[in-house]
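Q: Would you mind keeping the following structure in view while I ask a few things?
The values are calculated or read from the model by the stated rules, or taken from the named source; none is laboratory data. Bear in mind that the values here come from a model prediction, so they are computed numbers and not experimental data. Cβ sites come from the backbone with ideal geometry, for glycine too, and all protein chains shown count toward neighbours. Side chains are part of the model used for accessible areas, which takes the heavy atoms of the whole protein and leaves out ligands, DNA and RNA. Shrake-Rupley method; radii C 1.70, N 1.55, O 1.52, S 1.80 Å.
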Amino acid sequence: MKNILITGGAGFIGSHVIRLFVNKYPNYKIVNLDALTYAGNLENLTDIDQASNYVFEKVNILDADALKTVFTKHNITDVIHLAAESHVDRSILSPMDFVYTNIVGTVNLLNTAKDFWKEDLTKHLFYHVSTDEVYGALGETGLFTETTSYSPNSPYSASKAASDHFVRAYAETYHLQTVISNCSNNYGPFHFPEKLIPLFINNIINKKPLPVYGDGLYTRDWLFVKDHALAIDLVFHQGKLNDTYNIGGFNEWKNIDLVKLLCTQMDEKLGRQKGESEQLITYIKDRPGHDRRYAIDAIKINTELGWKPTVTFEQGLAQTIDWYLQNTEWLNNVTSGNYAKYYENMYDGR
Ligand code: NAD
Ligand code: TYD
């Protein structure tokens, strides 16, 4: 019997982790703690929110008193920490939001867990979900391994790197039992349309320009979000204590090639002429400090825990496009309100 606190469960990846755990582990109590920022959306969880083993707590991880109350109320035994500010472009505009949530918020959570579990730390696990962006940028060759040194380049990746270091320090100094995973770029249903794939799907639907940064030759290693959730499940239950696992799809794409594949698949599904959506591609001013290439070596999680992706990129992308085409109400809801202002601020005149 476990009472697991999952933070950021109303966000993109968190909602998939919550769904997996609520359905797969009826004997666990799953407590979703989320502040519901612009990126948090309870509509991501309507299929499981009535389950008897699921509870939602609207709490900000910056509020240490409220964290303590939640730990006590639900007798929390373990943490899977996903709550974060997650978008690189926003981190360039507002770095302090990232310092507060990703660094201070993580340390608040570490303190709360350490104090609440102090009777016997060996019975509990603090699992910190992180990103491959902490390793910085790769050149044309090579892969990030678990021993690659940290070299973050954006305020986002610097704040995630700092949070990883705090988790590691709490394991060394206070003997908190921890595990960290560093994953590559995710895509899939419920992805907020500020990130490349859902933003471009939304723009293709609406026949709006597709804003490709710089020369479009930047490379990312894409993983279907449900495969990330499955990896988190494995690392949580079987990962070596105080260790790190890299998670990735062995699936590198240059942005422009990915965008062209997306255009082709969407033209087919929307019954548009071949090549129609590609005409929307517009090169715009580059992102400052833009990391050239990310790519993960996922051999360790494969050999130690037997994890590998279950879908190919073409399958995952097709499922993702179908989901967005079938869930226009979700898409309309998240792109109403402040979204237009964000878009104008980020893209107009660039
Ligand atoms: P997201 O932005 O979709 O969701 C973040 C969630 O955290 C939201 O529900 C938001 O309301 C919540 N949140 C933000 N600040 C909070 C605060 N102060 N207190 C409580 N809740 C707060 O992010 P995501 O893409 O689902 O990413 C989840 C985690 O996975 C992050 O830690 C991110 O760094 C990591 N990660 C993401 C990717 C990716 O490709 N998206 C890849 C690797 C790792
Ligand atoms: P993004 O989805 O923001 O993820 P990250 O920056 O964390 O990897 O961006 C993925 C890639 O797509 C990255 O190289 C930046 C690029 N990009 C664009 O070219 N245009 C856009 O409008 C966005 C949001 C991203």
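Q: Among the residues of region 26-59, which ones are in a loop (DSSP other than H, G, I, E, B), open to solvent by less than 40 Å² (accessible area, probe 1.4 Å) and of a type in the set (Phe, Trp, Tyr)?
A: Tyr28, the sole residue that qualifies.
Q: Scan region 27-83 residue by residue and report those that are more than 16 Å from ligand 2 (Cβ to nearest atom), of a type in the set (Gly, Ala, Ser) and farther than 21 Å from Met1 by Cα.
A: Selection gives Ala35, Gly40, Ala64, Ala66, Ala83.
Q: Which one of these is within 16 Å of ligand 1 (Cβ to nearest atom), over 22 Å from Glu268 (Cα atoms) and in a helix (DSSP H, G or I): Asn302, Asn345, Asn333?
A: Asn333
Q: Would region 256-267 turn up any residue that is within 15 Å of ligand 1 (Cβ to nearest atom) and touching a helix residue (DSSP H, G or I) at 6+ places or on another chain (Cβ under 8 Å)?
A: Among the residues of region 256-267, at least one is within 15 Å of ligand 1 (Cβ to nearest atom) and touching a helix residue (DSSP H, G or I) at 6+ places or on another chain (Cβ under 8 Å), which makes the answer yes.
Q: Another question, then. Would you check if Tyr245 is touching a residue at least 60 places away in the same chain (Cβ under 8 Å), under 26 Å from Trp307 (Cβ atoms) and among the hydroxyl-bearing types (Ser, Thr, Tyr)?
A: yes
Q: Another question, then. Suppose we filter region 244-286 for residues that are crowded, with 16+ Cβ neighbours inside 10 Å and in a loop (DSSP other than H, G, I, E, B); how many remain?
A: The total comes to 4.
Q: For region 187-196, give me the residue count where each residue is near ligand 2 (Cβ under 9 Å from one of its atoms) and touching a strand residue (DSSP E or B) at 6+ places or on another chain (Cβ under 6 Å).
A: Residues flagged as near ligand 2 (Cβ under 9 Å from one of its atoms) and touching a strand residue (DSSP E or B) at 6+ places or on another chain (Cβ under 6 Å) within region 187-196 amount to 1.
Q: Take Ile301 and tell me if it is at pLDDT 95 or above, more than 23 Å from the chain's Cα centre (by Cα) and open to solvent by less than 40 Å² (accessible area, probe 1.4 Å).
A: No, not satisfied.
Q: Looking at region 80-90, is at least one residue β-branched (Val, Ile, Thr) and away from ligand 1 (no atom under 15 Å from the Cβ)?
A: No, region 80-90 contains no residue that is β-branched (Val, Ile, Thr) and away from ligand 1 (no atom under 15 Å from the Cβ).
Q: Has region 77-85 got any residue that is within 24 Å of Glu194 (Cα to Cα), open to solvent by 10 Å² or more (accessible area, probe 1.4 Å) and among the small types (Gly, Ala, Ser)?
A: There is at least one residue in region 77-85 that is within 24 Å of Glu194 (Cα to Cα), open to solvent by 10 Å² or more (accessible area, probe 1.4 Å) and among the small types (Gly, Ala, Ser).
Q: Can we say Asp97 is more than 30 Å from Val212 (Cα to Cα), assigned to a helix (DSSP H, G or I), acidic (Asp, Glu) and open to solvent by 40 Å² or more (accessible area, probe 1.4 Å)?
A: So Asp97 does not fit the description; no.
Q: Here's a follow-up. Which residues, taken from region 2-25, are open to solvent by 10 Å² or more (accessible area, probe 1.4 Å), more than 14 Å from ligand 1 (Cβ to nearest atom) and touching an Asp or Glu at 6+ places or on another chain (Cβ under 8 Å)?
A: Lys2, Asn3, Lys24, listed by residue number.
Q: Next up: In region 120-131, how many are over 17 Å from the mean Cα position of the chain (by Cα) and in contact (Cβ under 8 Å) with a residue 24 or more places away in the chain?
A: Residues meeting the conditions: 6.
Listed here are the residues, each with its yes/no results for (1) part of a helix (DSSP H, G or I); (2) more than 16 Å from ligand 1 (Cβ to nearest atom).
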{"site": "Ser159", "(1), (2)": "yes, no"}
{"site": "Glu172", "(1), (2)": "yes, yes"}
{"site": "Asn186", "(1), (2)": "no, no"}
{"site": "Phe190", "(1), (2)": "no, no"}
{"site": "Phe200", "(1), (2)": "yes, no"}
{"site": "Asn203", "(1), (2)": "yes, yes"}
{"site": "Gly216", "(1), (2)": "no, yes"}
{"site": "Arg220", "(1), (2)": "no, no"}
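Q: Got a sec? Which of Leu176, Leu234, Leu241, Leu230 is assigned to a loop (DSSP other than H, G, I, E, B), away from ligand 2 (no atom under 16 Å from the Cβ), open to solvent by 10 Å² or more (accessible area, probe 1.4 Å) and of a type outside the set (Gly, Ala, Ser)?
A: Leu241
Q: Starting from region 278-290, keep only residues that are at pLDDT 95 or above, then list their pairs with residues that are open to solvent by less than 50 Å² (accessible area, probe 1.4 Å) and outside any strand (DSSP E or B) whose Cβ atoms are within a distance under 6 Å, requiring at least 6 positions of separation or different chains.
A: Hits for this filter: Glu278/Cys263; Asp286/Gly214; Gly289/Ser154.
Residue-by-condition table, conditions (1) over 25 Å from Glu276 (Cβ atoms); (2) of a type in the set (A, V, I, L, M); (3) at pLDDT 95 or above:
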position	(1), (2), (3)
Phe200	no, no, yes
Asn203	no, no, yes
Leu210	no, yes, yes
Tyr218	no, no, yes
Phe224	yes, no, yes
Leu230	yes, yes, yes
Asp233	yes, no, yes
Gly239	yes, no, yes
Asn246	yes, no, yes
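For (1) touching a residue at least 60 places away in the same chain (Cβ under 8 Å); (2) surrounded by 22 or more Cβ atoms within 10 Å (Cβ to Cβ), each residue gets a yes or a no:
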| residue | (1), (2) |
| --- | --- |
| Ile103 | yes, no |
| Asp115 | no, no |
| Lys118 | no, no |
| Glu133 | yes, yes |
| Gly139 | yes, no |
| Phe144 | yes, yes |
| Pro155 | yes, yes |
| Phe166 | yes, no |
| Phe192 | yes, no |
